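*Asks:* Input: one structure, supplied below.
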Amino acid sequence: MLLLSGFNGSYWLSYAKYFKFKVRKLILLFFTVIFAFENEAAHLIGGEMSYECLGNDQYLLNLDLYRDCDQDPNCENCANNFDEQTYFSIFDANNVLIDTFFISIDIVLDEEDVVPTTPFCADYIPQVCVKRATGYQVVLDLPPLPGGYKLVFQRCCRNATITNILVPGETGSTYELIIPDESLAVCNSSPTFDNFPPIIICAGYPLIFDHSATDIDGDELLYSLCTPNSGASNLDPAPQIASNPPYQGISWANGYGINDQIGGTPAMTIDPVTGLLEGFPDQIGQFVVGICV
């Protein structure tokens, strides 16, 4: 079976949004496809960052993070807790740091289980533990700024067992959102995804999933495969100040790339208009996948 276990290092997708007027903003949602049950990774496995314009130059920023965990409470190498504080940086259009801030959560009240459903190709649910932190929210006052704003969150690292990227255990993630200049969009909000990705899929069966998103501003959305961003490091896994943009993508392992991210024939594709993701995964392993919207 193929386990899809989390954004940003286990089944989850890096999403970017392109306006019809060519301004790019990002919702980052990384997904890794997992085929192995023996994995006991100790890292965050994904996240989704988005924002909503509330009017009067106020924006509600939201970050959902996902982690894998072990059923044994005495597991010493598993991601047993989310960060009580997450740090964010704000940059201008010239990639100059403007400000930093943090969001605190209650790691008991603001955590929930992600319950998998039985895939159509199996008659049972494997023992999978995925947690989601839902309390990273804050209202920001961001008056109009020439060129707009970049909101950035970085965290390291990914699961060391990932198949399709180099040195995954030392490769983190960067979540970047762009609030555009008001000459391009006034009181803009980022899109949100219509369906939650499945935690479990099966190897040797077609992968068909609706990864479409909705934009409350009515912007046109176009979909494509892309390379997820890396960020942070083992030496500073949760930096209080993010590195300056622009950001580098992850390094694909030999045999993989932006147009062949998980292997299989036919290779995974996404419909540029509808967001329908299709492929035929046939390899046992764990994979980082990137989708841009």
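*Asks:* Over segment 201-291, with every protein chain in place, what whole percent of the accessible area is carbon and sulfur at 1.4 Å, could you tell me? Before the final figure, lay out each step's value.
*Replies:* Numbers: 2370 of 4360 Å².
The C+S portion of the solvent-accessible surface of segment 201-291 is 54 percent.
*Asks:* Over segment 150-293, average the accessible area per residue using a 1.4 Å probe and give it in Å², no decimals.
*Replies:* Result: 42 Å² per residue.
*Asks:* Rounded to the nearest 20 debye, what is the charge dipole size of segment 183-273 about its Cα centre when +1 sits on each Lys and Arg Cβ and -1 on each Asp and Glu Cβ?
*Replies:* On the way: 0 positive and 9 negative charges, 75 e Å.
Roughly 360 debye for segment 183-273.
*Asks:* Residues with amide H under 5 Å of residue 138's amide H, sequence separation 5 or more or different chain, H placed in the peptide plane at 1.01 Å from N; which?
*Replies:* 61
*Asks:* Separate question: Going highest first, how would you order 284-292, 139-147 by mean Cβ packing within 10 Å?
*Replies:* Going by the mean number of other Cβ atoms within 10 Å, highest first, we get 284-292, 139-147.
*Asks:* For segment 90-107, what does the Karplus curve 6.51 cos²θ - 1.76 cosθ + 1.60, with θ = phi - 60°, yield as ³J(HN,Hα) per residue in whole Hz, taken in order and with x for Gly and Pro?
*Replies:* These are the phi-based 3J(HN,Hα) values: 10, 10, 8, 5, 8, 6, 9, 5, 9, 6, 10, 7, 9, 10, 9, 9, 8, 6 Hz.
*Asks:* Out of residues 5 or more away from residue 276 or on other chains, whose amide H comes under 5 Å of its own, with H placed 1.01 Å from N in the peptide plane?
*Replies:* Amide H neighbours of residue 276, under 5 Å, 5+ apart: 211, 271.
The values are calculated or read from the model by the stated rules, or taken from the named source; none is laboratory data. Here the structure is a predicted model, which means the values were calculated and not measured. Counting neighbours? That spans all protein chains shown, and the Cβs are built from the backbone with ideal geometry, glycine included. The protein model used for the area step is the full one, side chains on, heavy atoms only, and it has no ligands, DNA or RNA in it. Shrake-Rupley method; radii C 1.70, N 1.55, O 1.52, S 1.80 Å.
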